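First up is the structure itself, then whatever we jot down about it.
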Amino acid sequence: MILLPSKEYDIHIGMLVSQMNHTRDVTLRIVKSLTPKELDFYVDDKSNSIGMLLFHIAGSEFYYQRPLFYDRLINAQEEERHKDAAPEYMNTRKIHSNDLEYYLSELYEVRQHTLENLKNYDDNWVFTRNQHIPILNNYYMIKHFVDDEISHLGQIKWIMKRCQI
């Protein structure tokens, strides 16, 4: 596999986009045939389900879109829609009984929004500190939600082995 910058973007943004696309392709390939029962499987009382992890992946990217593209933090209405995806709420088990299409739709909608918005920026922007989270630059925020998805892919694979999917 050779990762090259996506041609619609500046070089550094294009590399991030290529990493995003590759990671998402792996995610989709791994979960492509899961049933609601498999998506809701918990290894134990402290674990997350695959469905919850997919919802969290979409929610994390959604959260970072606000400071990246809208020059603000997440608002109360947005937070209400995605709060169960936040790490501190993931173990509440409120996300369940959904089919795979529900999670894929969330992932697709959020990702399309990211890809379209990134076309409006250049590599100077990507290395700029974000004014709403000044300890981070825009590159870090994008890289973080890509790395977060990779991390959760490991969890998803681990869960799949435990429920013999």
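As a calculated quantity, the FRET efficiency between LYS157 and GLN131 at R0 = 35 Å, using C-beta atoms, amounts to about 0.40. Note on the stretch 11-162: along the principal axes its Cα atoms extend 45, 32, 23 Å, ordered by decreasing extent. Site pair GLU8 and ARG93 shows an inter-label distance of 4.1 nm when each label is modelled 7 Å from Cα along Cα→Cβ. Listed peptides 98-105, 39-46 appear in the order 98-105, 39-46 once ranked by packing, highest mean of other Cβ atoms within 10 Å at the front.
What do you get for the angle between helix 100-118 and the principal long axis of the chain? Use alpha-carbon atoms, 0 to 90 degrees, nearest ten. Value to nearest ten degrees: 10. Gain on full extension, evaluated as 0.36 nm per residue between ASP84 and ASP71 minus their Cα-Cα distance, stands at 2.3 nm.
Against the main long axis of the alpha-carbon atoms of the chain, helix 138-162 sits at an angle near 20°.
Report summary: the helix-based calculation at 222 nm, which adds -39500 (n - 2.57) for every DSSP H run with n ≥ 4 and divides by the residues of the chain, gives -19500 deg cm²/dmol. Note on ILE150 and VAL43: their simple-model spin labels are 2.0 nm apart, each label 7 Å out from Cα toward Cβ. Shown is the FRET efficiency for TYR102 and ASN124, computed with R0 = 41 Å from the Cβ-Cβ distance and rounded to the nearest 0.05: 0.60. For ASN137, the residues whose amide H sits under 5 Å from its own are ASN130, ignoring neighbours fewer than 5 places away on the same chain, with H placed 1.01 Å from N. Peptides 65-78, 144-157 ordered by packing proxy, namely the average of other Cβ atoms within 10 Å per residue, highest first: 144-157, 65-78.
Rounded to the nearest whole Hz, the Karplus-based 3J(HN,Hα) values (6.51 cos²θ - 1.76 cosθ + 1.60, θ = phi - 60°) of the stretch 24-37 follow the sequence 5, 4, 5, 4, 5, 5, 5, 9, 4, 10, 6, 8, x, 4, with x at glycine and proline.
Considering Cα pairs under 8 angstrom that are at least six residues apart, work out the relative contact order of the chain and quote it in whole percent.
It comes to 31 percent, rounded to a whole number.
Readers should treat all values here as calculations from the given coordinates under stated rules, not as data from a laboratory. Keep in mind it's a predicted model, so treat the numbers as computed, not measured. Cβ sites come from the backbone with ideal geometry, for glycine too, and all protein chains shown count toward neighbours.
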